[in-house]
Amino acid sequence: MDLFAFRLQELRKEKKVPQKELADCLGISVRAYHYYEEGKRYPDFQGLLALADFYGVSLDYLVGRTDRR
């Protein structure tokens, strides 16, 4: 599992948010979101921004470029 997938899963579990809620927020299927957490697919730029905003973290943290949220 890559760092992006790990962090995405970790953040979701910290907030206790179901995958369906995140998928709905991004306008994608639950399966597509699940692939993000497995490291099999990646969101587009708008999806990355939406995830960073949702979790209140920087893009750099989300994609593993820094450990500072």
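With respect to Val63, is the statement that it is among the aliphatic types (A, V, I, L, M) and more than 10 Å from the chain's Cα centre (by Cα) true?
Against the criterion (among the aliphatic types (A, V, I, L, M) and more than 10 Å from the chain's Cα centre (by Cα)), Val63 does not qualify.
If I filter region 34-54 for residues that are hydrophobic (A, V, I, L, M, F, W, C), in contact with a Lys or Arg (Cβ under 7 Å, 6 or more places away or on another chain) and open to solvent by less than 50 Å² (accessible area, probe 1.4 Å), do I get at least one hit?
Looking for residues that are hydrophobic (A, V, I, L, M, F, W, C), in contact with a Lys or Arg (Cβ under 7 Å, 6 or more places away or on another chain) and open to solvent by less than 50 Å² (accessible area, probe 1.4 Å), one finds none in region 34-54, hence no.
State which residue is least open to solvent (accessible area, probe 1.4 Å) when the search covers only region 14-29 and only residues that are farther than 14 Å from Leu51 by Cβ and not hydroxyl-bearing (Ser, Thr, Tyr).
Pro18
The values are calculated or read from the model by the stated rules, or taken from the named source; none is laboratory data. This is a predicted model, so every value here is computed, not measured. We place every Cβ from the backbone using ideal geometry, glycine too, and count neighbours over all the protein chains shown. With ligands, DNA and RNA removed, areas are computed over all heavy atoms of the protein, side chains included. Shrake-Rupley method; radii C 1.70, N 1.55, O 1.52, S 1.80 Å.
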